[in-house]
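Input: a single structure, listed below in structure tokens.
Readers should treat all values here as calculations from the given coordinates under stated rules, not as data from a laboratory. Everything numeric in this text was worked out from a predicted model, so none of it was measured. In this analysis, Cβ positions are derived from the backbone assuming ideal geometry, glycine residues included, and neighbour counts consider all displayed protein chains.
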Amino acid sequence: MTQAPDHYTHVKISQSGPIATIALSRPERANALSYDHLAELEQAALSFREFADVRVVIITGAGKHFSSGADLQDSAAPADAPLVQRRRHVRMGQRAIQAILSMDQITIAAWRGAAMGGGACVATACDFRVGSHSAFMQYPEVDLGINLMWKSLPLILALVGPARAKRLVAGAERVSAKTLYDWGVLDYLTADAALMDKAQEMAEEYATKPPIAAQMIKQSANHLAYALGNSIMHMDSDQYLLSATSDDRSAAIAAKLNQREPDFTGN
């Protein structure tokens with residue numbers, strides 16, 4: 001059996017028989033997703049095209065959290081870089097999410113603690129989600145004066161419907177594990193100590209399925225669920241480039257840094 005590679009800095013890959021695990025591995029930063037981290041996640045997901053023996057991939061986070069989202073301390077493309085280059089830079093997250101969605105293998109998110117912003121995008125890009133009682137979700141982008149990117153609005157919309165998606169994305173509600181389970185975001189809810197055992201149990205079940213049929217069903221279901229989203233969500237990076245230059249974005253950042261309520265003007 002060919003072994004999946006593990007030569008990355010920010011993700012760790014392991015394999016046992018037909019089941020592999022990708023672990024987001026920046027626990028000191030609550031697995032915040034820097035540009036380099038996202039690039040490795042994309043490469044790791046794409047690498048599984050070469051591993052026919054792997055039938056299921058579990059994606060999890062090292063430490064207490066799945067992922068706290070985009071790394072706000074990460075260096076962005078220089079403001080004076082050509083717009084064409086800045087557009088490419090901000091699409092790194094989109095590329096990572098698309099790589100996960102495009103994996104042939106069945107994917108299972110094993111989720112404890114935070115899945116915020118980009119971390120929630122990674123979790124919802126998986127086929128299934130097993131969460132522990134410590135799991136919670138929040139999309140904080142709107143309170144930072146920006147939109148949700150990474151082509152991920154259709155992912156949460158498909159799981160919870162329009163009204164709840166608006167509560168999460170436009171309202172930035174923080175949602176607990178129990179609510180996530182009730183809403184259908186989590187397929188299983190477990191004790192923290194049992195999280196990986198439950199994810200492994202689910203992985204073993206799907207690893208016994210005929211892989212060609214299972215993978216074709218997955219691909220067809222994804223195309224049906226996200227067809228409209230795929231046709232229009234290429235523009236969310238451009239929406240970000242616009243919203244990031246607004247006065248409201250500057251007001252949101254200043255308010256967060258100074259721990260006060262922002263005053264948004266719509267400019």
**Fill in**
Sparse-neighbourhood loop hits (trypsin sites (Lys or Arg not before Pro), segment 1-95; DSSP loop; Cβ within 10 Å at most 15 others) -> Lys64
**Asked** Considering only the chain, what is the antiparallel percent among its DSSP beta bridges, to the nearest 5?
**Response** 25
**Request:** Starting from the Cα gyration tensor of segment 111-236, multiply each eigenvalue by 5, take the square root, and state the resulting semi-axes largest first in whole Å.
**Result:** 25, 21, 11
**Asked** In segment 22-106, which GluC sites (Glu not before Pro) fall in coil by DSSP and have 15 or fewer other Cβ atoms within 10 Å?
**Response** none
**Request:** Distance between Cα centroids, segment 200-260 to segment 20-37: provide it in whole Å.
**Result:** 17
**Prompt:** Are there GluC sites (Glu not before Pro) in segment 145-254 that DSSP puts in a loop and that have at most 16 other Cβ atoms within 10 Å, and which ones?
**Reply:** Glu173
**Request:** Could you please report the charge total around Arg164, scoring K, R as +1 and D, E as -1 over all other residues with beta-carbon less than 15 angstrom from its beta-carbon?
**Result:** +2
**Item:** Lys pairs under 23 Å by Cα in the chain, provided they are eight or more residues apart or on distinct chains
**Value:** 12
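Among Trp183, Trp150, rank each residue by its count of other Cβ atoms within 10 Å, from fewest to most, as a rough exposure measure.
By the 10 Å Cβ count, ascending, the order reads Trp183, Trp150.
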**Message:** Averaging the inverse of every distinct alpha carbon separation and then flipping it gives the Kirkwood radius. What is it for segment 196-236, in angstrom units?
**Reply:** 12.3
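Calculated from DSSP H runs of 4 or more alone, at -39500 (n - 2.57) each and per residue, what is the 222 nm mean residue ellipticity of the chain, nearest 500?
-13000 deg cm²/dmol
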**Asked** For the chain, what does the equivalent ellipsoid look like in terms of its semi-axes, each the square root of 5 times an eigenvalue of the Cα gyration tensor, given largest first in whole Å?
**Response** 30, 20, 18
